Amino acid sequence: MDGFVRVADVDFLPDPGQTLVEVDSEVVALFHVDGAYHCIDDVCTHDGGTLADGPLTGHVVACPRHGATFDVRTGAALTMPAVRPTRCHDVRVAEGGVWVRLRTAAADAAPPASSAAGGAGAPLVAPAVTGHAGGAAAPAALVAPVTPAGLSEDAVREMLREVKDPELFVNIVDLGLIYAVTVAPAADDPAGRQVSIDMTMTSPACPAGPQLIADTKRAVGRHEQVRGVEVRIVMDPPWTPDRMSDAARDQLGIF
Ligand code: FES
């Protein structure tokens with residue numbers, strides 16, 4: 001059947017459920033969600049975690065190693081630290097079985113086929129999950145505040161470019177982690193400045209969080225006018241890969 005390999009009986013997996021199956025000597029992850037089967041590589045593109053072992057919530061599976069999440073319908077990486085999609089394969093349900101055809105690359109142009117259990121096996125078009133750089137509306141907090149003379153919000157953002165995510169080696173401004181910067185006169189020193197930064201993390205359980213906060217305070221606190229730096233962690237709106245700048249996407253090889 002056009003390169004498809006039967007991997008299981010149609011009632012083999014509970015719904016929701018997930019398992020490993022072998023296709024053409026490759027082991028891949030098969031998911032059963034809302035009556036349809038989906039198949040992706042059992043490989044997290046961050047550092048090789050096994051996705052079939054991760055918790056499944058709706059169509060989203062989380063890597064058990066560092067928490068990156070993937071859409072099982074498309075293989076799209078939804079949250080850091082993964083930024084590249086994992087390979088997604090075609091699935092059909094026919095003749096009482098689930099059939100999988102391997103794709104050669106995550107970036108295949110055609111959308112993957114997924115099949116409803118018990119259906120005729122017609123491919124379903126998977127929705128796009130991630131957008132292009134700059135596609136998401138900026139949160140209201142990104143509107144630049146008025147800052148006192150001598151130290152501007154832009155100057156603070158430039159300082160923050162020194163701070164890099166320790167796993168991705170991209171600075172936190174280009175990653176889109178900085179939601180707002182406020183510069184105000186210091187309470188006990190009119191010539192000094194108090195800086196407040198609203199910053200997000202790529203995921204609530206980001207292991208680099210404490211280091212990023214410390215590095216942020218250190219980078220801004222070095223300025224001669226700065227008397228204090230407050231970093232607030234904001235998880236709403238949540239960070240998504242489309243908040244990255246074109247420079248960050250270039251650096252990470254995402255097109
Ligand atoms: S290996 Fe999957 S998130 Fe790190």
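For this structure, a couple of remarks:
- Test: G253 is touching a Lys or Arg at 6+ places or on another chain (Cβ under 8 Å), surrounded by fewer than 15 Cβ atoms within 10 Å (Cβ to Cβ) and not charged (D, E, K, R): yes
- Test set (1) surrounded by fewer than 16 Cβ atoms within 10 Å (Cβ to Cβ); (2) farther than 15 Å from A180 by Cα; (3) within 14 Å of the chain's Cα centre (by Cα) - R218 fails condition number: (3)
- The residue list M235, M244 contains one member that is closer than 18 Å to A68 by Cα and in contact with an Asp or Glu (Cβ under 8 Å, 6 or more places away or on another chain), which is M244.
- Residue match in segment 84-97 (condition: within 16 Å of the ligand (Cβ to nearest atom), touching a His at 6+ places or on another chain (Cβ under 8 Å) and not assigned by TED's automatic domain parsing to the domain that holds D165): no
- Taken as a whole, the condition of being of a type in the set (A, V, I, L, M, F, W, C) and free of Cβ contacts under 8 Å to residues at least 12 places away in the same chain applies to A187.
- Residue match in segment 28-41 (condition: part of a loop (DSSP other than H, G, I, E, B) and hydroxyl-bearing (S, T, Y)): no
- Scanning segment 29-52 for residues that are within 16 Å of the ligand (Cβ to nearest atom) and touching a Leu at 6+ places or on another chain (Cβ under 8 Å) returns A29, I40, D41, D42, V43, C44, A52.
- Test: residue in segment 70-78 that is within 17 Å of the chain's Cα centre (by Cα), within 12 Å of the ligand (Cβ to nearest atom), at pLDDT 95 or above and not in a strand (DSSP E or B): no
- Search result, residues across segment 53-68 that are surrounded by fewer than 21 Cβ atoms within 10 Å (Cβ to Cβ) and either more than 12 Å from the ligand (Cβ to nearest atom) or without any contact (Cβ under 8 Å) to a residue 12 or more places away in the chain (or both): D53, P55, L56, T57, G58, V60
- In segment 45-69, of all residues being among the hydrophobic types (A, V, I, L, M, F, W, C) and under 11 Å from the mean Cα position of the chain (by Cα), the one that is farthest from P207 (Cα to Cα) corresponds to A62.
- Members of segment 79-107 that are within 17 Å of the chain's Cα centre (by Cα) and among the aliphatic types (A, V, I, L, M): M80, A82, V83, A106, A107
The values are calculated or read from the model by the stated rules, or taken from the named source; none is laboratory data. Note that the coordinates shown come from a computational prediction; the quantities given were computed from them, not determined experimentally. All Cβ positions, glycine included, derive from the backbone under ideal geometry; neighbour counts span all protein chains shown.
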